[in-house]
Amino acid sequence: MSSVSNEKELGRNEILSFMKEENEEKLKELYKKAYKIKLDNVGDKVYYRGIIEFSNICQKNCNYCGIRKSNSDVHRFTMSEEEILESAKWSYENSYGSLVLQSGERQDEEYIEFVTGLIEKIKKLSNGELGITLSLGEQTFETYEKWYNAGAHRYLLRIETSNKELYNKLHPADHKFETRINCLKDLKKIGYQVGTGVMIGLPEQTEEDLVDDILFFKDMDIDMIGMGPYIVSEKTPIGEIAQNSKEIKKKRFELGLKMIALTRIYLKDINIAATTALQALNPVGREAGLKAGANIIMPVITHKNYRKDYQLYDNKPCIDDNAVECKACLENRIKGVGDKIGYGEWGDSLHYKNKKKM
Ligand code: SAH
Ligand code: SF4
């Protein structure tokens, strides 16, 4: 049976034995240890990144995603610039410190210019104070650089799985694993704080794969992690073959918490998000994520009218709420965990800052 070692670094075998651990007491001990490492290394502040999911138009066809190009049941939208800036202003006025712009993937000129304009205008309306993270998929070096120069300073691009074979099963042939890796390298070269992550509990994914994902985060010297359980989107090729029993959902949730805890113990000073997907599987999933070592929450501030059309997976929580309701609800949830909220702060990755000092 596994017990938490006091050595500086966990070895691969030790991480694997925790990933397979089923004993509730041992797991409680693991989460407690990860929470302590969080307090010792990044403190008890939870930082917000208000997320604006501004468009569900996507040129890609990832086999697991509800808004993939081939899903003709989706009503496609792009929020107007005015609506996006209004949401950004709300974040600023409510001291969210930082926001994330997320959308389906597009690489056309019109889109690139639209995003560049958004970044510049958000910087302006917040006197340079709002931090901007982008989650806009694969782009050329030039586009990433343009957006960086416009004022974005963090970028989230999940590797989805570090197992290339599995990656190839999850995507059509023209979505290349190598391109994704090169994008992560480009982002780092340009100077972004780089975030990545994986989906947890995918069909055919093993515990060994998940351990390798954690080692991948370290090898790539990643600054922040946004990862969460895979959740079935029924009208997708993977959703059609994936199991979706109560037991498997419980397992995906538990693996999600184990991944957070083990990543915190292994990598210590990075930012780790407790994602909405945890909450989709368990009403107090994000709180459990914070207790297992996460220190970032990404409250959805997308306008209520658009939430129902931005469903990467089925049963996305809070689609009937607005940003104000989410704020009050989250405050109570975080207080319940015993953490504080870093209102008005960027909450940059300490790992990134520590690197800069070297
Ligand atoms: N288009 C951009 C950003 C939006 S998708 C991109 O792909 O990077 C953001 C993330 O949603 C993806 O990286 C993927 O990990 C996650 N996602 C998509 N479908 C999902 C599903 N069925 N279950 C859980 N997460 C999913
Ligand atoms: Fe598009 Fe991102 Fe969904 Fe892939 S995961 S289909 S790129 S929105």
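Any read-out appearing in this document is the output of simple, stated calculations on the displayed coordinates, not a laboratory observation. Nothing here was measured: the structure is a model prediction, and the numbers come from that model. A quick note on method: Cβ atoms are made from the backbone with ideal geometry, for glycine too, and the neighbour counts reach across all protein chains shown.
Quick look at the numbers
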item: Residues with amide H under 5 Å from that of residue 60, placed H, sequence gap 5 or more; result: 69, 105
item: Rounded, prolate or oblate (a/c below 1.5 giving rounded, otherwise prolate when a/b exceeds b/c) for the range 272-323 by Cα gyration tensor; result: prolate
item: Kirkwood Rh in Å, taken over the chain so that all alpha-carbon pairs contribute; result: 20.4 Å
item: Karplus (6.51, -1.76, 1.60) ³J(HN,Hα), θ = phi - 60°, over the range 232-239, in Hz, Gly and Pro reported as x; result: 4, 10, 4, 8, 9, x, 6, x
item: Under the Karplus curve 6.51 cos²θ - 1.76 cosθ + 1.60, θ = phi - 60°, whole-Hz ³J(HN,Hα) for the range 275-289, x wherever Gly or Pro sits; result: 8, 4, 4, 5, 6, 5, 9, 8, x, 10, x, 5, 4, 4, x
item: Amide H contacts of residue 49 (H built 1.01 Å from N, under 5 Å, at least 5 apart or other chain); result: 297, 298
item: In order through the range 290-301: 3J(HN,Hα) via Karplus (6.51 cos²θ - 1.76 cosθ + 1.60), integer Hz, x for Gly, Pro; result: 4, 6, 9, x, 6, 9, 10, 10, 10, x, 6, 10
item: Per-residue [θ]222 nm for the chain (sum of -39500 (n - 2.57) over DSSP H runs n ≥ 4, rounded to 500); result: -14500 deg cm²/dmol
item: Relative counts (whole %) of C-alpha pair distances in the range 1-144, using bins that are 5 Å wide; result: 2, 8, 14, 13, 11, 10, 11, 12, 11, 7, 1, 0
item: Amide hydrogen neighbours beyond the local backbone of residue 341, cut-off 5 Å, H modeled; result: 46
item: Packing-based order for 331-343, 144-156, using average beta carbon neighbours within 10 Å, highest first; result: 144-156, 331-343
